[in-house]
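Beneath this line is the structure, given in structure tokens, with notes to follow.
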Amino acid sequence: DWDSDRDTLLPGYREEWEAARAGRAGDVVGVTGDGTNDGPALRAAEVGLSMGISGTDVAKEASDIVIMDDNFSSIVKAVTWGRCVFDNIRKFLQFQLT
């Protein structure tokens, strides 16, 4: 389990990550990876994206989203769609509350 073994495998990792993020509220970090060595970065990111065809099982388990066609344009489309949905929700809430 990553949560219990994290400090054993990477001592001081959490503190280093929190110090690097100090004063950067609102930033969202997305990481893409397909190999075993990408696992820690995929876990630490807010959004981890792994490749479904060429990616290893370790990367797939560590990521939040698995890109099934291994095409970077799919990531761009998903981000565009997600921003549109977020904007629509924000506009709807603003309309309802005013």
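The values are calculated or read from the model by the stated rules, or taken from the named source; none is laboratory data. None of these values were measured; they are calculated from a predicted model. Keep in mind that these areas ignore ligands, DNA and RNA; they rest on the heavy atoms of the full protein, side chains included. Shrake-Rupley method; radii C 1.70, N 1.55, O 1.52, S 1.80 Å.
A few comments on the model shown:
- Scaled radius of gyration (Cα, divided by 2.2 N^0.38 Å) that segment 20-98 gives: 1.33
- Rounded to the nearest Hz, the phi-derived 3J(HN,Hα) couplings of segment 73-83 under the Karplus curve 6.51 cos²θ - 1.76 cosθ + 1.60 (θ = phi - 60°) are 5, 5, 5, 4, 5, 5, 5, 4, 5, x, 5, where x marks glycine and proline.
- Ranked order, 91, 60, 77 - accessible area, probe 1.4 Å, largest first: 77, 91, 60
- For residue 32, the residues whose modelled amide H falls within less than 5 Å of its own, excluding neighbours fewer than 5 places apart on the same chain, are 49.
- Segment 51-58 - phi-based ³J(HN,Hα) in whole Hz, Karplus 6.51/-1.76/1.60, Gly and Pro as x: 8, x, 8, 8, x, 7, 5, 4
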